[in-house]
Every structure is written in structure tokens, then in C-alpha cells.
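Inspection log for the structure reproduced underneath, given as C-alpha cells.
The values are calculated or read from the model by the stated rules, or taken from the named source; none is laboratory data. From a predicted model like this one, the values you see are computed outputs, not experimental measurements. We place every Cβ from the backbone using ideal geometry, glycine too, and count neighbours over all the protein chains shown. Surface accessibility is based on the protein's heavy atoms, side chains included, excluding ligands, DNA and RNA. Shrake-Rupley method; radii C 1.70, N 1.55, O 1.52, S 1.80 Å.
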Amino acid sequence: MRITALFTLILLSTNLFAATGRVFVSNEHADSVSVIDSATNQVIETIPVGKRPRGVGVSPDGKEVYVAISGDNAIAVIDPVTMKVVRSFASGDDPEAFAVHTNGNLYISNEEDAKASVFDPASGALIAEIEVGIEPEGVALSPDGKRAIVTSESTNMLHVILIPEHTIETNILVGARPRAATFSADSKIAYATSEISGEVKKIDIASGKVLAKTSLGDDKAKPKDVLVSRDGQRLFVAGGRANQIFVLDAHDLQLIKAIAVGKRVWGLALSRDGKRLYSTDGVDHQISVIDTETNTVVATIAVGKFPWGVAIDD
Amino acid sequence: MTPTLKFSSSPGCSVLRTLALVVMFMVPVVGWAADPLSVRITYLGERDTDSWHGAMQGLDEANAQGKFLRLRYELVNANDQADALALNGVAIIADVSPLRLLRVSELAFDTPVFNVSAADDDLREACQPNLLHTLPSLAMLDDALQQWRRKRPGSEAIAQAWHPRFRKYAAAQLNKRYTKRVGRSMSDAAWAGWAAVKLLADTIARLGVAESSTVLEALHTDLAFDGQKGVDLSFRNTGQLRQPLLLIEDGKIVGEAPVAGIVAASNLDSLGLADCRK
């Protein structure tokens, strides 16, 4: 009897803490978050969250989903199981993109304030503020947890920030309007996109040197999000108004394939196993689901108006 | 290839850094404050004009970048033409008559002179190599209107470089910053003043050099600047900054030029004199 009770408890807790496999999409112009079941590619819930939701992220333990509510200067916290907003906290002016540290803290770019801020989402406490360039946008955290990169769009820089000191280590000038950055698995390399110059750069963090750069051929290519494949061999770049996702060789940035998706492809998220890539196709109000082995679109899912960010609880 | 420089912003090693900057910035235009490095930009024209306020907004933003690179830009107001030349700045921003613009650019040789207020076509046709125009020419505005009227016959729209209600491409953020600073909305001349200082400072930061003739060459060949207009802008050999324009009717933005459907939206040279030889 006692053993059965214990077993049930274990089973129950396993179920409670198992990832939901749900995909969370912020709809910038619908003030909502669409929740997709990744097993069926169906929208199972639409959650009202507040004005102009943009960045989305999942806590390291998978128990919370965070959404930057730009119009309300707040972060909304969603329970991925119940799919309800459980609380929110003030996040500084105009939060846009953010990244979740393995210690649970959120690193947020505050576009109008030329600052990055660090918040503890459990208490809502502001841990640090870092002055960066004008119109900060993309935020990336190194897998080793020792560095953050914040891109400033109107100052054309990557600011490399040391953690936990929260001081700027280096400032790296890149092409016009840097939008997003990401780290390699060993935390030594950063990849960054510049929207106006249509560039992707591969940068050595220790020296600040550009190891490789490429210009995406398409005139309309305004690269936004960038992610590294789980095996570290490829890059996925959201091509903005090129309406394509560019798959690049992570070593030399040579183009492997351009995958046609919906209009104004913006945000990207990769499943934990690396097999599925999700993109927000803003102007088509849809999500594209891509098989990363064949680099083909396997599903498109209608969501709310102007999807911006996407994150997966897996 | 645009060189990418890495600047350390951590404190310490200031002697080494100063030495490194002495080597990097071996130039007469630089005022030698110990640290950070001072870069002088000269302003010729009245203060309290839209162009002046735009240039000051540009200066704020240039220094927002410069503080990470140990560069400090200053905008020094010249009393007259002789003073503007004697100040020996890396560039001259000039809000003066077309005749005086031509004269000062001739005397300044290979120092960039930015025209931020005169739309005269003659100034572009003069093809003075160091005279750069961030304000669109009358011919550009006219071509924008012609294109628009082919799409919307009978439209009463006017063409402008900028508009306080322009929101796309982070234009809303620039309008907000400017209005907050100056207390009025951003005009074409204000945008032209802002753009001149901003693109100049960004070019100096990329070069790591503040020497006038080197900067002038880079402005012509390696500009990386969108002017919050969403495309890569560049200078023609006429000295004119290629740029999209806005079509305004009843105080509202109704279109953008180059007008898609009439010409390719990316064909910035469909506006105004494209080339000195034509």
C-alpha cells in the first residue's frame, strides 16, 4: 500500500514536471500567445497577455514561460501546463528580446532606454542594468553562462557582457542594424545578423575578430534571428522579407539551402533534439515547421496577427 | 571589406591604450585630450535651426557609440568660412547658401563638407568631390512625385525626406528621441543634419581613423548606414546621398519612393541625377 502510494507520487511528480512539448508564439498585433501542441501541430490555446508581446522564453526547469509585453513594460509569466498567465512583473521600459540564463535570470534589452537589464523572475527583482548602445535588440547567452551579447541596432555593435560582473568586456562593430546573435556550444564563437547590410558574421569572442562573413544574396534578405544546429554544423537564419530561412555552413557561412517559408520570417526556435525548427512568418500570421534533416517545411500553422517570437517547452 | 575593429572598454592599461590610439589616429584633426580621444566636427551656419538641432541629435548618438570606443565627438560652431577652415575639423557640416557651400568645399579640398539644407540641383551637378548632400535634391523630390502620380493620378501629395509620423525601420524611435530633445518634430533639414553627423561618426568608428581625406574616401566607398529608412544608403559620385523618400498627403504618409509598381522599389537611382557623367 505504502509502496503503491509512493509509486503514484513519483509518477505524479514525473508527470507534473515532464515538459509539455508545447510551442509558445507571441502575436505582436493580437496581444496574445498561441500555444501549439508539437505532436499534432494544432493550436490548443490562445492566451491574452497584454499589449504588443514580443520576446518569448522558457525557464531552465520548464515550469514557466516568459513573454516580454512591450506595450505594458512587463514580463508575463505563463504556466505551460495550465496555459494561464500566473503573474507578471515590471521589466523596465519597452522590453523587446530576452534570453533566459541557466541560473533562471532573464537578460532583457530595453529598446528605448539604451540599456540591458537583468531580472530574477522569481521575485521580479532588478539585479543589474547595463548601459549599451542605441536601440538594443538581440540578446544571447553563452552556454557556459559566463557571457551575454546584446546587439544595439542604431549603434551597430555587439556588446559582450561578463556574467556575473555585468560589465562590458568588449564592443564589436558589425554591419548596419545588428538584430540578433547566438553562441556556439563551446561558448567561444558568436554568430550575428545585420539586418540592413544583409550580413551574417562569425566572430571569435576572445579576440573580437571576424572569422567569416557572408552577405545573403537576396536584395530583400533582412536577416533577423539566428540559431546554431544541435550538432554545431549549421546555422539557421531567418531572412525577413526574403521570406526564406537560410541554412548556412557554420564553418565558412556558405549557403547550403534557402527554405521558402511565409512572409517576413522573424523569430526561430529549435526543438531540444534539433529535429524541428519553428519560424514566425509575421505578415502571413503563421508558423512554419521545418524538418532539419531534409530542410523542408512539413507544416504551417495559422496563429494570431503578426507572430514575433517562438519558444518550445520541451 | 569593411574592417572590423575591436575596442576594449575595460578600465586599466590606459597608457597602452593611449599609445595604441596615437598610432591608430595619427592625424592633425584630433584634439589631444588624454583619454578618451576627441574628434572635432565643424558646424558652419546659424544655431537653433533645424539642421543644427538635427546635427546635435546626431552628436548625442555618435557619442553614445563613441563612449564604447573611447571616442568623444564635439560639434564646434564656426563664426564664418575662414573660421570653419581654421578649426581644422574632420568634416564641416554647413547650413549656408549654395554659393557659399561651393566656395567652402573648394577651399576645404579633401575635407568632407556636408550640405544639410540646400536642395538646389546645381549643387549636385557641380560634382564637387568633397561636397556631400544628405538632404535630397529638388530633382529627387520631383521624380518621387512623378512616379507617385503615375500610380495615383490626381494625387496632391508632396515628397519629403522625412516625416514626424514615419514609424517603420525604427524611425519612430528617432522621431521620439529628437522630439524629446528639441521639443519639436523632426523636419527634412533636421534629419539631414542628424544623418550627416551620424554617418560620419559611424564611418570614423569603423575606420579607426579620423583623418579627413581617408574618411572622405570611406564615405564614398564603405558607407554602412540606413538613416532609419530601412535600406543601405550610399553616396553618388554627385555627392548626393541615395535615399528613399516619403509621399505625404494631408499630413499623412501615403507612399514611399521609389514607387513600387512604377519602378523597382530598390532602384534609388530612379530619383534625381544618378551620375555626374549623364
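Looking at segment B:48-81, which of the residues that are of a type in the set (A, V, I, L, M) and part of a strand (DSSP E or B) is surrounded by the most Cβ atoms within 10 Å (Cβ to Cβ)?
Taking segment B:48-81 and keeping what is of a type in the set (A, V, I, L, M), we get B:55-56, B:59, B:62, B:64, B:69, B:71, B:75-76, B:78.
Narrowing further to those that are part of a strand (DSSP E or B): B:71, B:75-76, B:78.
Numbers: B:Leu71: 23, B:Leu75: 19, B:Val76: 15, B:Ala78: 20.
Once the filter is applied, the top-ranked residue is B:Leu71.
Return the residue satisfying two criteria in turn: it lies in segment A:180-201 and is among the hydrophobic types (A, V, I, L, M, F, W, C) and more than 10 Å from chain B (Cβ to nearest Cβ), and of such residues it is most open to solvent (accessible area, probe 1.4 Å). Give the derivation first.
So in segment A:180-201, the residues among the hydrophobic types (A, V, I, L, M, F, W, C) come out as A:180-181, A:183, A:185, A:189-190, A:192, A:196, A:200.
Checking which are more than 10 Å from chain B (Cβ to nearest Cβ) leaves us with A:180-181, A:183, A:185, A:189-190, A:192, A:200.
On the way: A:Ala180: 5, A:Ala181: 12, A:Phe183: 14, A:Ala185: 90, A:Ile189: 25, A:Ala190: 0, A:Ala192: 4, A:Val200: 0 Å².
It comes out as A:Ala185.
If a residue counts only when it is open to solvent by 60 Å² or more (accessible area, probe 1.4 Å), which strands (runs of 3 or more DSSP E) contained entirely in segment A:68-132 have at least 3 such residues?
Details: elements: A:74-79, A:84-90, A:95-100, A:106-110, A:115-120, A:125-131.
Per the criteria, A:84-90, A:125-131.
Quick check: anything in segment B:177-190 within 11 Å of chain A (Cβ to nearest Cβ) and open to solvent by less than 10 Å² (accessible area, probe 1.4 Å)?
Looking only at segment B:177-190, we keep the residues that are within 11 Å of chain A (Cβ to nearest Cβ), and these are B:177, B:180.
If we keep only those that are open to solvent by less than 10 Å² (accessible area, probe 1.4 Å) as well, we get none.
No, every residue in segment B:177-190 fails to be within 11 Å of chain A (Cβ to nearest Cβ) and open to solvent by less than 10 Å² (accessible area, probe 1.4 Å).
For segment B:189-224, which residues satisfy the criterion of being small (Gly, Ala, Ser), over 10 Å from the mean Cα position of the chain (by Cα) and in a helix (DSSP H, G or I)? If you could, list the steps in order and put the result at the bottom.
So in segment B:189-224, the residues small (Gly, Ala, Ser) come out as B:189-190, B:192-193, B:195-196, B:201, B:205, B:208, B:210, B:212-213, B:218, B:224.
From what is left, the residues that are over 10 Å from the mean Cα position of the chain (by Cα) are B:189-190, B:205, B:208, B:210, B:212-213, B:218, B:224.
B:Ala189, B:Ala190, B:Ala205, B:Ser212, B:Ser213, B:Ala218 - these are the residues of segment B:189-224 that are small (Gly, Ala, Ser), over 10 Å from the mean Cα position of the chain (by Cα) and in a helix (DSSP H, G or I).
Every residue in segment B:219-249 that is free of Cβ contacts under 8 Å to residues at least 12 places away in the same chain and of a type outside the set (S, T, N, Q), please.
Residue satisfying the conditions is B:Asp232 alone.
Taking A:Thr151 as the residue in question, decide whether it is part of a strand (DSSP E or B) and more than 11 Å from chain B (Cβ to nearest Cβ).
Values: part of a strand (DSSP E or B): yes; more than 11 Å from chain B (Cβ to nearest Cβ): yes.
So A:Thr151 passes the test.
So which residues in segment A:286-314 are touching a residue at least 60 places away in the same chain (Cβ under 8 Å), open to solvent by 10 Å² or more (accessible area, probe 1.4 Å) and not in a strand (DSSP E or B)?
Across segment A:286-314, the qualifying residues are A:Val303, A:Gly304, A:Lys305, A:Phe306, A:Asp314.
Could you list, in sequence order, the residues of segment A:233-272 that are surrounded by fewer than 19 Cβ atoms within 10 Å (Cβ to Cβ), in contact with an Asp or Glu (Cβ under 8 Å, 6 or more places away or on another chain) and in a loop (DSSP other than H, G, I, E, B)?
Scanning segment A:233-272 gives A:Gln233, A:Lys263, A:Ser271, A:Arg272.
Has segment A:217-224 got at least one residue that is within 14 Å of chain B (Cβ to nearest Cβ), surrounded by fewer than 24 Cβ atoms within 10 Å (Cβ to Cβ) and not in a loop (DSSP other than H, G, I, E, B)?
Checked against the condition, which is being within 14 Å of chain B (Cβ to nearest Cβ), surrounded by fewer than 24 Cβ atoms within 10 Å (Cβ to Cβ) and not in a loop (DSSP other than H, G, I, E, B), segment A:217-224 yields no hits at all.
Out of segment A:264-307, which residues are basic (Lys, Arg) and either over 24 Å from A:Lys51 (Cβ atoms) or in contact with a helix residue (DSSP H, G or I) (Cβ under 8 Å, 6 or more places away or on another chain) (or both)? Steps first, please.
We begin by selecting, within segment A:264-307, every residue basic (Lys, Arg); these are A:264, A:272, A:275-276, A:305.
Hits for segment A:264-307 are A:Arg264, A:Arg272, A:Lys275, A:Arg276.
Yes or no: segment A:157-179 includes at least one residue that is polar (S, T, N, Q), more than 10 Å from chain B (Cβ to nearest Cβ) and touching a strand residue (DSSP E or B) at 6+ places or on another chain (Cβ under 6 Å).
First pass over segment A:157-179, keeping only residues polar (S, T, N, Q): A:167, A:170-171.
If we keep only those that are more than 10 Å from chain B (Cβ to nearest Cβ) as well, we get none.
Looking through segment A:157-179, none of the residues is polar (S, T, N, Q), more than 10 Å from chain B (Cβ to nearest Cβ) and touching a strand residue (DSSP E or B) at 6+ places or on another chain (Cβ under 6 Å).
For segment B:122-147, how many residues meet the condition of being more than 16 Å from B:Gln243 (Cβ to Cβ) and open to solvent by 10 Å² or more (accessible area, probe 1.4 Å)?
7
Return the residues of segment A:202-214 that are surrounded by fewer than 24 Cβ atoms within 10 Å (Cβ to Cβ) and either at the interface with chain B (Cβ under 9 Å from one of its Cβ atoms) or part of a loop (DSSP other than H, G, I, E, B) (or both); say none if nothing qualifies. Lay out the reasoning, then the answer.
To start, the set of residues in segment A:202-214 that are surrounded by fewer than 24 Cβ atoms within 10 Å (Cβ to Cβ) comprises A:202, A:204-214.
Selection gives A:Ile205, A:Ala206, A:Ser207, A:Gly208, A:Lys209, A:Val210, A:Lys213.
Taking segment B:149-176 as the search range and keeping residues that are more than 14 Å from every other protein chain (Cβ to nearest Cβ) and either within 26 Å of B:His220 (Cβ to Cβ) or hydroxyl-bearing (Ser, Thr, Tyr) (or both), which one is surrounded by the fewest Cβ atoms within 10 Å (Cβ to Cβ)? Break it down stepwise before answering.
Applying the first criterion (more than 14 Å from every other protein chain (Cβ to nearest Cβ)) to segment B:149-176 yields B:149-166.
With the extra rule that they be either within 26 Å of B:His220 (Cβ to Cβ) or hydroxyl-bearing (Ser, Thr, Tyr) (or both), the set shrinks to B:155, B:159-162.
Numbers: B:Ser155: 15, B:Ala159: 24, B:Gln160: 18, B:Ala161: 27, B:Trp162: 29.
Restricting to residues being more than 14 Å from every other protein chain (Cβ to nearest Cβ) and either within 26 Å of B:His220 (Cβ to Cβ) or hydroxyl-bearing (Ser, Thr, Tyr) (or both), the top hit is B:Ser155.
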